[in-house]
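A.B. asks: My structure is below; once you've seen it, I'll send some questions.
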Amino acid sequence: ARCQCKQAPRERRNCGYPGISAAECRKAGCCFNASLSGVPWCFTAKAKRVKKFCPLDPLVRRNCGFPGITAKECERKGCCFKAHPAGVPWCFYHRSVEE
């Protein structure tokens, strides 16, 4: 994503070789920006940031536990716990969204 390539020149980590073209750089999964001298033009993209949240809609919950699991046991597994409504998982997996 473009936002992963927006970084300060001093943060750039070389991802290519001298004379690499923009196309070759991008084909390797790297960012390319030749607007500044003295810094890598082909550089590694920033890692994607992911935000985890507990879904509000009970119908999208994916089961992460077992019948009778306690809130503490569920949270130890790294999952969400909400003991209502009936008929849906009470211990369920987080959802993830890229920031």
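A.B. asks: Yes or no: the stretch 58-66 includes at least one residue that is within 30 Å of His84 (Cβ to Cβ), basic (Lys, Arg), open to solvent by 90 Å² or more (accessible area, probe 1.4 Å) and over 18 Å from the mean Cα position of the chain (by Cα).
C.D. replies: Yes, that holds for at least one residue.
A.B. asks: Can you tell me how many residues within the stretch 85-99 are within 30 Å of Ala28 (Cα to Cα) and either more than 19 Å from the chain's Cα centre (by Cα) or in a loop (DSSP other than H, G, I, E, B) (or both)?
C.D. replies: So in the stretch 85-99, the residues within 30 Å of Ala28 (Cα to Cα) come out as 95-99.
Still in the list and also either more than 19 Å from the chain's Cα centre (by Cα) or in a loop (DSSP other than H, G, I, E, B) (or both): 99.
Counting residues in the stretch 85-99 that are within 30 Å of Ala28 (Cα to Cα) and either more than 19 Å from the chain's Cα centre (by Cα) or in a loop (DSSP other than H, G, I, E, B) (or both) gives 1.
A.B. asks: Name every residue in the stretch 40-50 that is assigned to a loop (DSSP other than H, G, I, E, B) and exposed (fewer than 14 other Cβ atoms within 10 Å of the Cβ), in order of residue number. Give the steps one after another, and end with the answer.
C.D. replies: Within the stretch 40-50, the first condition is being assigned to a loop (DSSP other than H, G, I, E, B), and the residues that meet it are 40-41, 44-49.
The answer is Ala47, Lys48, Arg49.
A.B. asks: Which of the numbered conditions does Arg12 fail, given that it passes all the others? Conditions: (1) under 30 Å from Cys80 (Cα atoms); (2) among the basic types (Lys, Arg); (3) not assigned by the TED database to the domain that holds Phe92.
C.D. replies: All conditions pass for Arg12, except number (1).
Here is a yes/no grid of residues against (1) open to solvent by less than 90 Å² (accessible area, probe 1.4 Å); (2) touching a His at 6+ places or on another chain (Cβ under 7 Å); (3) assigned to a strand (DSSP E or B); (4) of a type in the set (S, T, N, Q):
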position	(1), (2), (3), (4)
Gly38	yes, no, no, no
Lys52	no, yes, yes, no
Gly68	yes, no, no, no
Glu75	no, no, no, no
Ala83	yes, no, no, no
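A.B. asks: For a quick check of your reading of the model, give me the residue pairs whose first member lies in the stretch 26-39 and is more than 13 Å from Arg13 (Cβ to Cβ), whose second is of a type in the set (D, E, K, R), with beta-carbon atoms closer than 8 Å and at least 6 apart or on different chains.
C.D. replies: Cβ pairs passing all conditions: Phe32/Arg26.
The values are calculated or read from the model by the stated rules, or taken from the named source; none is laboratory data. Computed from a predicted model, the values in this text were never measured in an experiment. FYI the Cβ positions are ideal-geometry reconstructions off the backbone, even for glycines, and counts take in every protein chain you see. What goes into the accessible areas is simple: the full protein's heavy atoms, side chains included, and nothing from ligands, DNA or RNA. Shrake-Rupley method; radii C 1.70, N 1.55, O 1.52, S 1.80 Å.
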